[in-house]
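Please read the structure below before turning to the comments.
The values are calculated or read from the model by the stated rules, or taken from the named source; none is laboratory data. Predicted, not measured: the structure shown is a model, and the values here were computed from it. Note that we place each Cβ from the backbone using ideal geometry, even for glycine, and neighbour counts take in every protein chain shown.
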């Protein structure tokens with residue numbers, strides 16, 4: 001009887017032993033994900049109005065400029081690290097149809113935190129570094145005449161149609 005019990009115990013030990021199970025194949029599954037960064041670049045013009053180019057003191061070369069609008073760059077879920085963008089301004093002098101006079105001006109770009117404005121002429125750019133913690137940038141724009149523009153105003157033909165279209169472009173570096 002003792003031999004029988006020992007034989008049964010040995011058989012049970014061998015049959016449930018880890019040595020007896022053999023892995024036929026191992027494989028794994030993956031879960032992949034992504035978060036897409038969403039960029040918004042908006043222009044908000046001021047209400048259209050005509051300015052007296054000769055008499056408006058804010059428009060004069062040493063004036064504070066007249067507000068023409070603002071732009072905002074906002075990035076939801078920005079990439080890790082620093083993203084670099086460039087905002088470029090393109091515009092021509094103020095002109096009126098059928099009048100040969102041109103009136104030069106510059107833009108004044110300022111942010112919300114700074115009272116200092118940066119002069120922007122046509123073709124100039126503003127470089128922006130956007131981080132994950134500071135993912136919204138807003139700049140206000142004002143316009144004022146250059147010295148040459150103010151001189152041109154004194155001699156230019158009268159018209160209520162002087163105009164310049166300002167193109168503001170965003171490029172990621």
Report summary line: Scanning segment 58-79 for residues that are on the phi < 0 side of the Ramachandran plot and in contact with a helix residue (DSSP H, G or I) (Cβ under 7 Å, 6 or more places away or on another chain) gives 60, 61, 63, 64, 66
Query raised in the report: How many of the residues in segment 58-97 are loosely packed, with under 11 Cβ neighbours inside 10 Å and at pLDDT 95 or above?
Result: 2
Report summary line: Only one of 143, 150 is in contact (Cβ under 8 Å) with a residue 12 or more places away in the chain, closer than 21 Å to residue 58 by Cβ, out of contact with any helix residue (DSSP H, G or I) (no Cβ under 6 Å at 6 or more places or on another chain) and not in a helix (DSSP H, G or I), namely 143
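The rows are residues; the columns are (1) at pLDDT below 95; (2) on the phi > 0 side of the Ramachandran plot; (3) out of contact with any strand residue (DSSP E or B) (no Cβ under 9 Å at 6 or more places or on another chain); (4) surrounded by 15 or more Cβ atoms within 10 Å (Cβ to Cβ).
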{"position": "115", "(1), (2), (3), (4)": "yes, no, yes, no"}
{"position": "123", "(1), (2), (3), (4)": "no, yes, no, no"}
{"position": "129", "(1), (2), (3), (4)": "yes, no, no, no"}
{"position": "134", "(1), (2), (3), (4)": "yes, no, yes, no"}
{"position": "142", "(1), (2), (3), (4)": "no, no, no, yes"}
{"position": "150", "(1), (2), (3), (4)": "no, no, no, yes"}
{"position": "153", "(1), (2), (3), (4)": "no, no, no, yes"}
{"position": "157", "(1), (2), (3), (4)": "no, no, yes, no"}
{"position": "163", "(1), (2), (3), (4)": "no, no, no, no"}
Query raised in the report: For residue 48, are the conditions met, namely being out of contact with any helix residue (DSSP H, G or I) (no Cβ under 6 Å at 6 or more places or on another chain), exposed (fewer than 10 other Cβ atoms within 10 Å of the Cβ) and at pLDDT below 80?
Result: no
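Could you check segment 27-60 and list, in sequence order, the residues that are in a loop (DSSP other than H, G, I, E, B), without any contact (Cβ under 8 Å) to a residue 40 or more places away in the chain and under 25 Å from residue 72 (Cβ atoms)? Give the steps one after another, and end with the answer.
Here is the first cut: in segment 27-60, the ones in a loop (DSSP other than H, G, I, E, B) are 27-37, 46-56, 60.
Remaining after also requiring without any contact (Cβ under 8 Å) to a residue 40 or more places away in the chain: 27-34, 46-49, 51-52, 55-56.
The answer is 46, 47, 48, 49, 51.
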Query - Output for segment 111-128, where each listed residue is in contact (Cβ under 8 Å) with a residue 40 or more places away in the chain and part of a strand (DSSP E or B) - result: 126, 127, 128
